[in-house]
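The structure appears right after this line, and notes come after that.
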Amino acid sequence: MSVNQHLRNIAIIAHVDHGKTTLVDAMLRQSHIFRANEQVAERVMDSNDLERERGITILSKNTAVMYKDTKINIVDTPGHADFGGEVERVLNMVDGVLLLVDAFEGPMPQTKYVLRKALEQKLKPIVVINKIDRPDQRVDEVYDEVLELFIELGADDEQLEFPVVYASARSGIAKMSMEEESDNLQPLMDLLLEYIPAPQGDADGPLQIMVTTLDSDEYVGRVAVGRIMRGKAKEGQNVVIIDGDVQKKAKIGQLFVYQGLKRIPVKEALLGDIVAMTGLGEVSIGHTVADVECPEALPTISIDEPTLSMTFGVNTSPFAGQEGEFVTSRHLRDRLFKEVETNVSLRVEETETADTFKVSGRGELHLSILIETMRREGFELQIGKPEVIYKTIDGVLQEPVEHLTIEVPQEFMGTVMESLGTRKAELSNMTELAGYLRMEFLIPARGLIGFRSEFLTNTKGNGIMNHVFHGYVPYKGDIPGRARGSLVAFEKGETTAYGIYSLQDRGTMFVSPNQPVYEGMIVGESSRDLDIDINPCKKKNVSNMRSSSSDEAIRLTPPRVLSLEQALEYINKDELVEVTPKSIRLRKMILDKQQRGRMRKNNNK
């Protein structure tokens with residue numbers, strides 16, 4: 001057994017917005033990856049637009065810093081449970097984790113989710129209590145909460161002896177106790193070298209690499225990223241790619257290791273290195289790249305099953321093809337199956353109808369990020385209502401349940417509890433934090449569909465909610481759906497201020513004047529529980545009689561503009577969301593008013 005002493009592999013795990021990406025920025029700056037006068041964007045690890053806009057990490061990424069002649073490979077993991085597939089792959093590449101916790105909020109549901117995975121894999125943890133410069137920090141209580149969390153997750157004695165570092169990632173400082181003075185991250189970096197084990201294995205044995213991430217390059221095709229578990233890899237080496245019982249011969253084209261934010265080509269990489277390889281052809285996540293003489297597979301990665309599905313279909317509305325570049329079922333099919341190659345917790349199935357696909361993922365956020373990415377690439381598509389995936393276990397119908405954590409000011413507690421009661425949520429814990437109440441619930445996943453927008457309205461935007469998959473339990477009974485019907489346009493045209501003004505008392509409008517609409521498009525929410533067919537394109541008849549009210553200005557209530565997530569939460573079973581690069585529209589599945597009426601009658605019989 002040999003040890004590569006000049007290397008450490010660590011993952012940074014934390015809840016959304018606790019400062020992972022900011023800490024990596026500080027490490028890169030202090031390792032002189034950037035020159036002192038170089039202007040670099042903040043949060044360099046959040047490389048795609050959606051990550052920057054939402055302030056969350058979606059895809060795991062690798063970087064490396066040099067410290068005291070030791071190379072530290074750092075993997076930034078997503079903090080959101082919907083990207084759990086990413087997390088599980090990443091933890092296979094490392095020997096230790098930095099658990100980052102906010103000095104006020106303490107451990108949150110996503111922290112718990114990722115930490116459980118890390119402890120199961122017997123990784124060495126270092127706890128970093130971040131944002132110690134917050135005026136409301138409560139470092140001592142947070143330390144106790146972290147210790148409780150470790151005990152709750154079944155950490156062994158060795159894991160419970162975790163070291164603690166106090167840091168402010170934004171200021172780039174770390175210290176071993178709150179009383180110390182510090183102006184850099186050196187105490188944290190020293191602890192990393194001392195506490196995180198160096199990669200161990202057979203350095204001279206036959207090659208074994210587990211492919212954990214895929215990248216694509218327009219010049220060299222697919223790039224496989226993984227950690228060398230045994231032996232060494234060389235440029236131009238003949239290898240075997242093992243997928244279950246199938247073995248394919250291949251040859252490593254170029255070989256890269258990480259240095260800072262760049263990939264550096266090398267001739268040879270050693271045990272424990274995280275490498276990127278080109279030229280392997282149809283390689284996929286979970287495959288083993290092994291020596292030709294000794295093709296031995298590594299254990300495959302187990303990924304949590306999807307819990308939510310939606311139908312993705314070709315856009316069939318009267319406005320189809322006007323705003324998007326990719327509109328056919330072939331485009332849609334190719335794009336979805338390409339996504340499955342790199343997005344391991346996603347499933348795509350073809351349905352009986354040629355133009356629709358059933359796409360299953362880890363949650364609403366997981367799927368809405370995919371939809372948002374596709375619309376930015378120029379795709380047009382229509383999406384059905386999100387539905388949870390049921391299982392039958394021992395003859396009993398079971399459904400997915402989420403662990404929901406809510407923080408609200410005390411005055412909103414009643415309305416939130418009432419709203420969750422109808423959704424079959426069960427309160428499991430309640431604590432008070434500086435004027436806020438933190439409540440924990442177990443709630444069926446279907447009870448969360450549509451809850452976020454209602455929650456933000458009920459708490460006037462002051463509430464924070466997070467949820468993480470808990471497990472499957474027996475079906476909990478019916479949950480009432482949306483209480484109100486839709487306002488549906490019954491003719492094609494352009495909306496007018498007069499038309500909208502005359503309909504305002506019927507409900508809340510989603511459209512503004514001079515907006516094109518078509519028959520069957522949903523233009524608002526009805527104030528009653530039934531759908532109402534309306535005409536927002538009505539023009540005022542001009543006559544030569546002067547009416548007493550003709551000079552009054554028309555005052556319109558601003559329309560409610562739905563985001564993609566809100567639109568997906570809003571729709572009923574007989575409705576779809578039409579997504580194009582420029583617009584998000586709601587529509588009925590059946591556009592024709594008469595046909596819908598006949599369907600309703602038949603269903604009521």
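The values are calculated or read from the model by the stated rules, or taken from the named source; none is laboratory data. Just so you know, these numbers come straight off a predicted model, no measurement behind them. Cβ coordinates were reconstructed from backbone atoms using ideal geometry, including for glycine residues, and neighbour counts include every protein chain displayed. Protein only, heavy atoms only, side chains kept; ligands, DNA and RNA dropped before computing areas. Shrake-Rupley method; radii C 1.70, N 1.55, O 1.52, S 1.80 Å.
Scan segment 275-284 and tell me whether some residue there is assigned to a loop (DSSP other than H, G, I, E, B), acidic (Asp, Glu) and open to solvent by 30 Å² or more (accessible area, probe 1.4 Å). Show your work before the answer.
Narrowing segment 275-284 to residues assigned to a loop (DSSP other than H, G, I, E, B): 278-284.
Cutting the leftovers down to acidic (Asp, Glu) gives us 282.
Now restrict to residues that are open to solvent by 30 Å² or more (accessible area, probe 1.4 Å): 282.
Yes, that holds for at least one residue.
Counting the residues of segment 518-533 that are closer than 14 Å to Asp592 by Cα, in a strand (DSSP E or B) and open to solvent by less than 10 Å² (accessible area, probe 1.4 Å) gives 2. Selection of segment 159-195 for residues being of a type in the set (D, E, K, R) and at pLDDT below 85 yields Arg170, Lys175, Glu179, Glu180, Glu181, Asp183. Can you name the residue in segment 353-385 that is surrounded by 22 or more Cβ atoms within 10 Å (Cβ to Cβ) and assigned to a loop (DSSP other than H, G, I, E, B) and, of all such residues, is modelled with the highest pLDDT? Restricting to residues being surrounded by 22 or more Cβ atoms within 10 Å (Cβ to Cβ) and assigned to a loop (DSSP other than H, G, I, E, B), the top hit is Glu380.
For residues that are in contact with a Cys (Cβ under 8 Å, 6 or more places away or on another chain) and crowded, with 16+ Cβ neighbours inside 10 Å, scanning just segment 493-517, find the one that is nearest to Glu578 (Cα to Cα). Break it down into steps so the answer makes sense when it comes.
Step one: of segment 493-517, the residues in contact with a Cys (Cβ under 8 Å, 6 or more places away or on another chain) are 493-496, 499, 517.
Next, from what is left, pick out any that are crowded, with 16+ Cβ neighbours inside 10 Å: 493, 495-496, 499, 517.
Working: Gly493: 18, Thr495: 18, Thr496: 22, Gly499: 23, Val517: 12 Å.
Looking at the filtered set, the residue picked out is Val517.
The set of residues in segment 423-433 that are farther than 14 Å from Gly463 by Cα and either surrounded by 11 or more Cβ atoms within 10 Å (Cβ to Cβ) or in contact with a Lys or Arg (Cβ under 7 Å, 6 or more places away or on another chain) (or both) comprises Arg423, Lys424, Ala425, Glu426, Leu427, Ser428, Met430, Thr431. Of all residues in segment 90-111, those that are surrounded by 24 or more Cβ atoms within 10 Å (Cβ to Cβ), over 30 Å from Asn429 (Cβ atoms) and at pLDDT below 80 total 0. Looking only at segment 341-352, residues that are out of contact with any helix residue (DSSP H, G or I) (no Cβ under 9 Å at 6 or more places or on another chain), exposed (fewer than 15 other Cβ atoms within 10 Å of the Cβ) and not polar (S, T, N, Q) come to 2 in all.
Residues are listed down the side, and each one gets a yes or a no for (1) buried (at least 18 other Cβ atoms within 10 Å of the Cβ); (2) touching a Pro at 6+ places or on another chain (Cβ under 9 Å):
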site: Val220; (1), (2): no, no
site: Glu235; (1), (2): yes, yes
site: Val240; (1), (2): yes, yes
site: Gly244; (1), (2): no, no
site: Ala250; (1), (2): yes, no
site: Gly253; (1), (2): no, no
site: Phe256; (1), (2): yes, yes
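Taken over segment 207-218, the residue count meeting the criterion of being touching a Lys or Arg at 6+ places or on another chain (Cβ under 8 Å) and open to solvent by 40 Å² or more (accessible area, probe 1.4 Å) is 2. Taking the conditions exactly as written (open to solvent by 20 Å² or more (accessible area, probe 1.4 Å), under 24 Å from the mean Cα position of the chain (by Cα), under 23 Å from Met310 (Cβ atoms) and at pLDDT below 90), does Asn603 satisfy them or not? No, not satisfied.
Filtering segment 434-454 down to residues that are at positive phi and touching an Asp or Glu at 6+ places or on another chain (Cβ under 8 Å), which residue is surrounded by the fewest Cβ atoms within 10 Å (Cβ to Cβ)? Among those residues, the one meeting the criterion is Ala434.
Within segment 379-422, the set of residues being free of Cβ contacts under 8 Å to residues at least 24 places away in the same chain and out of contact with any strand residue (DSSP E or B) (no Cβ under 9 Å at 6 or more places or on another chain) comprises Asp394, Gly395, Glu411, Gly414, Glu418, Gly421. The single condition from (1) open to solvent by 70 Å² or more (accessible area, probe 1.4 Å); (2) modelled with pLDDT under 85 that Glu407 fails is (1).
Taking segment 131-161 as the range and being farther than 23 Å from Ile173 by Cα, among the hydrophobic types (A, V, I, L, M, F, W, C) and touching a residue at least 40 places away in the same chain (Cβ under 8 Å) as the test, the residues that pass are Leu149, Leu153.
Listed here are the residues, each with its yes/no results for (1) outside any strand (DSSP E or B); (2) over 30 Å from the mean Cα position of the chain (by Cα); (3) not charged (D, E, K, R).
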site	(1), (2), (3)
Leu271	yes, yes, yes
Ala290	no, yes, yes
Glu296	yes, yes, no
Phe312	no, no, yes
Gln322	yes, no, yes
